[in-house]
Each structure stands twice: as structure tokens, then as C-alpha cells.
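Asker: Handing you a structure now.
The values are calculated or read from the model by the stated rules, or taken from the named source; none is laboratory data. Predicted, not measured: the structure shown is a model, and the values here were computed from it. When we count neighbours, we look across all protein chains shown, and the Cβ atoms used for this are built from the backbone with ideal geometry, even at glycine. Note: accessible area is taken over every heavy atom of the protein model, side chains too, but ligands, DNA and RNA are not part of it. Shrake-Rupley method; radii C 1.70, N 1.55, O 1.52, S 1.80 Å.
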Amino acid sequence: MTEQLHAPVMVAEVLDLLAKRGVVIDMTVGAGGHAAALLDAGVDEIVGVDRDPDALEAAAERLGAYGGRVRLIRARSSQIDLEAVGRRVDGVLFDLGVSSMQLDRPERGFSFRQDAPLDMRMAGESDDEPTAADLVNHLPERELADVLFRFGEERKSRQIAASIVRQRPITTTDQLAGIVVGAVGRRPGGPHPARRTFQALRIAVNRELEELTASLPHAAGLLGPGGRVVVISYHSLEDGIVKRAFRDDTSLRILTKKPLIASQRERADNPRARSAKLRAAERVAEAA
């Protein structure tokens, strides 16, 4: 069945920075939304990268009409080097975090709104890494609390971790969400209290921050002179890593002194855009 097409975030801003370039690597191609927009805006070729086989299947379907202008690679972004790409490129795009497609597939275990096995591995069942269920059932209470605090910025992390440990084993998203609600309560009309716990576990399972930290220097090294790297992040932990990486890389010139945010209209129409921040930098020409 054709994957439902979700609106990619901050497309206009991405096109302002990357349209009409030669080769652009989309390091988080997902279902291909940004890639399609870039190809329509005159980019010659897209190299789409994703660790998720379901995402690559959806991208192949969505981007099939572009023929040889698209090449898809299953890999982590930190694994992409000049050998994999074949040449220096004119742009690199990262759209971080979990995709709408992953959230909309209950069996993947990312969402606290739909009951499913507690998985959260972005690479899917072929990945032999621990699942979210492995973490909540086997981490010592203190380590679990640290994960929730560090990766979810959850101020009630110790309270939640203690409740989780008392009610092990935990196997489903609905069970975990209920435990969090029972531990901290729920404010009428407020955001779901489990959102930070789920974010923290997803980041830990997929080692997202380590992957981002390793990937950004790789991305800069793939750029030819004048090539641009564009990163859309969704929480302060990601944005801080991007900000520091751009600042500390002497081969890059920062294009966004402050991160760009989505327009008011886009934030109203697309909930995922509300927390999005975009940073961009450009590879400076090497000294002769």
C-alpha cells in the first residue's frame, strides 16, 4: 500500500539554501519529502540515506519517477564517506528525530498514543541492538533515571524510574505510558506526561546523539568548496550539538547566526514544525 505522504518540515527554508545544487545527500531521507522538493527545485541528484528499511521502501516508491537522479543507501549517516558517495557534494541535509511515518506505524513502538510492542529501533527488527523494552526492564533504577533526565530532560525522572522498576516486566507502549501517568499524574489539556520518557528511550535505543556528533564532521568533509550542510533539529540536545559542531569546525562558515524556525502558518498546520530549528553552514574554499 502506498505510504501516506507526510508534509516535510521547513521546505521553503531548505530550498532557499540547497535548491539548484548539483548533488545533495539527504542523510535522513525518510519517505522522501525533502528529497522530492529538492529535485523539483532543480537539484541534479539526491543520495538518500536511512537506516530504516521501511523508510527506504517508501522513499523508493515516492521518488521512483525521478529515475537515475536518485540513489538510495541503507546506512547510518556516520557511515557515509567519499567512497560511498563517489565524489564531493554540494549539499548535505539532516532532518533529525523520529519521522511521522515511524510514529504512524504502531508496530514500531515509537508512539505513546498507540499500543504496540515497546521497540523503538529505527533500523527495525533486523537491528540486533537492545529495544526500549530491554532498557526499561534491565537497566538499574539509577541508570534508567539518568537516561530519562539526560535524553528526555525529564525533571521527574527518578519518580518515573522508581515506578517503572516496581512494575516490571513492561512489554508494550500502552503499559509504559500508563505507568508514567500513574507516577506523575496528567494535567487536563496539557501535553502527555509520557512524551519525555518516550523521547529519552528512543534517543538511547538509537544512540541518536552519538550518531549526530559523529555524523556532522563527516558531512563537512563530504562538501566541496561552497557546499552547504543544513540541519533541522527538534529539541535542545540536538540543537546544542549542531551549534557547537558548526562553531568549532574551521572549514565551515556559519550561515545562520541564530537558528531559523518555521513560519507561523506552518507551525499551525504541522505540529512537528512547532519545535523545529534549522541551522546551516557553508564549506569555505581551501587556501591555495
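Asker: Residues in segment 149-156: is at least one at pLDDT 95 or above, among the aromatic types (Phe, Trp, Tyr), open to solvent by 40 Å² or more (accessible area, probe 1.4 Å) and farther than 18 Å from Gly182 by Cβ?
Answerer: yes
Asker: If you don't mind, another one. Which one of these is modelled with pLDDT of 95 or more, open to solvent by 40 Å² or more (accessible area, probe 1.4 Å) and closer than 14 Å to Val11 by Cβ: Asp40, Asp44, Asp95? Lay out the reasoning, then the answer.
Answerer: On the way: Asp44 fails: closer than 14 Å to Val11 by Cβ; Asp95 fails: open to solvent by 40 Å² or more (accessible area, probe 1.4 Å).
The match here is Asp40.
Asker: Any idea which of Leu237, Leu216 is under 30 Å from Ser157 (Cα atoms), open to solvent by less than 20 Å² (accessible area, probe 1.4 Å) and part of a helix (DSSP H, G or I)? Before the answer, list the steps.
Answerer: Details: Leu237 fails: open to solvent by less than 20 Å² (accessible area, probe 1.4 Å).
Checking each option against the conditions leaves just Leu216.
Asker: Pairs, please: C-beta under 8 Å, at least 6 apart or cross-chain, first residue open to solvent by 20 Å² or more (accessible area, probe 1.4 Å) and in segment 8-22, second polar (S, T, N, Q)?
Answerer: Qualifying pairs under 8 Å: Ala12/Ser263.
Asker: Another question about this same structure. Please go through segment 184-205 and pick out each residue that is open to solvent by 30 Å² or more (accessible area, probe 1.4 Å) and within 23 Å of Val49 (Cα to Cα).
Answerer: If the condition is that a residue be open to solvent by 30 Å² or more (accessible area, probe 1.4 Å) and within 23 Å of Val49 (Cα to Cα), then Gln199 is the only one that fits.
Asker: Considering only residues that are in a loop (DSSP other than H, G, I, E, B) and either modelled with pLDDT under 95 or under 21 Å from Ser236 (Cα atoms) (or both), which ones fall in segment 132-145? Step through it out loud before you land on a result.
Answerer: Within segment 132-145, the subset in a loop (DSSP other than H, G, I, E, B) is 139-140.
Across segment 132-145, there are no qualifying residues.
Asker: Does segment 55-69 include one or more residues that are over 21 Å from Asn206 (Cα atoms), open to solvent by less than 30 Å² (accessible area, probe 1.4 Å) and out of contact with any strand residue (DSSP E or B) (no Cβ under 6 Å at 6 or more places or on another chain)?
Answerer: Within segment 55-69, none of the residues are over 21 Å from Asn206 (Cα atoms), open to solvent by less than 30 Å² (accessible area, probe 1.4 Å) and out of contact with any strand residue (DSSP E or B) (no Cβ under 6 Å at 6 or more places or on another chain).
Asker: In segment 189-231, how many are among the hydrophobic types (A, V, I, L, M, F, W, C) and free of Cβ contacts under 8 Å to residues at least 24 places away in the same chain? Can you show your working first?
Answerer: Of segment 189-231, the ones among the hydrophobic types (A, V, I, L, M, F, W, C) are 194, 198, 200-201, 203-205, 209, 212, 214, 216, 219-220, 222-223, 229-231.
Within this subset, residues satisfying the condition of being free of Cβ contacts under 8 Å to residues at least 24 places away in the same chain are none.
Here the count works out to 0.
Asker: In addition: Could you figure out which of (1) under 13 Å from the mean Cα position of the chain (by Cα); (2) open to solvent by 10 Å² or more (accessible area, probe 1.4 Å); (3) over 19 Å from Asp146 (Cβ atoms) isn't true of Glu208?
Answerer: Result: Glu208 fails condition (3) only.
Asker: Quick check on this structure: which one of Ala84, Ala35 is assigned to a helix (DSSP H, G or I), open to solvent by less than 10 Å² (accessible area, probe 1.4 Å) and not charged (D, E, K, R)? Don't jump to the end; show me each part of the working.
Answerer: Values: Ala84 fails: open to solvent by less than 10 Å² (accessible area, probe 1.4 Å).
None of the others qualify; the one that does is Ala35.
Asker: Then there's this: Going through segment 146-176 one residue at a time, which ones are in contact with a Lys or Arg (Cβ under 8 Å, 6 or more places away or on another chain), among the aliphatic types (A, V, I, L, M) and either within 22 Å of Val98 (Cα to Cα) or outside any helix (DSSP H, G or I) (or both)?
Answerer: Once the filter is applied, which keeps residues that are in contact with a Lys or Arg (Cβ under 8 Å, 6 or more places away or on another chain), among the aliphatic types (A, V, I, L, M) and either within 22 Å of Val98 (Cα to Cα) or outside any helix (DSSP H, G or I) (or both), segment 146-176 yields only Leu148.
Asker: For the subset of segment 240-288 comprising residues that are open to solvent by 100 Å² or more (accessible area, probe 1.4 Å) and within 17 Å of the chain's Cα centre (by Cα), which member is farthest from Ala12 (Cα to Cα)?
Answerer: The selected residue is Lys243.
Asker: Taking Phe112, is it open to solvent by less than 20 Å² (accessible area, probe 1.4 Å) and in contact (Cβ under 8 Å) with a residue 60 or more places away in the chain? Write out each step before concluding.
Answerer: Working: open to solvent by less than 20 Å² (accessible area, probe 1.4 Å): no; in contact (Cβ under 8 Å) with a residue 60 or more places away in the chain: yes.
So Phe112 does not fit the description; no.
Asker: Suppose we filter segment 232-288 for residues that are of a type in the set (Lys, Arg), out of contact with any Gly (no Cβ under 8 Å at 6 or more places or on another chain) and touching a residue at least 24 places away in the same chain (Cβ under 8 Å); how many remain? Reasoning before the result, please.
Answerer: Looking only at segment 232-288, we keep the residues that are of a type in the set (Lys, Arg), and these are 243-244, 247, 253, 257-258, 265, 267, 272, 274, 277, 279, 283.
Next cut, out of contact with any Gly (no Cβ under 8 Å at 6 or more places or on another chain) only: 243-244, 247, 253, 257-258, 265, 267, 272, 274, 277, 279.
Then keep just the ones that are touching a residue at least 24 places away in the same chain (Cβ under 8 Å); that gives 243, 253, 272, 277, 279.
Qualifying residue count for the region: 5.
Asker: Take the residues in segment 258-283 that are at pLDDT 95 or above and assigned to a loop (DSSP other than H, G, I, E, B), then tell me which one is farthest from Gly227 (Cα to Cα).
Answerer: Across segment 258-283, the extreme among qualifying residues is Ser263.
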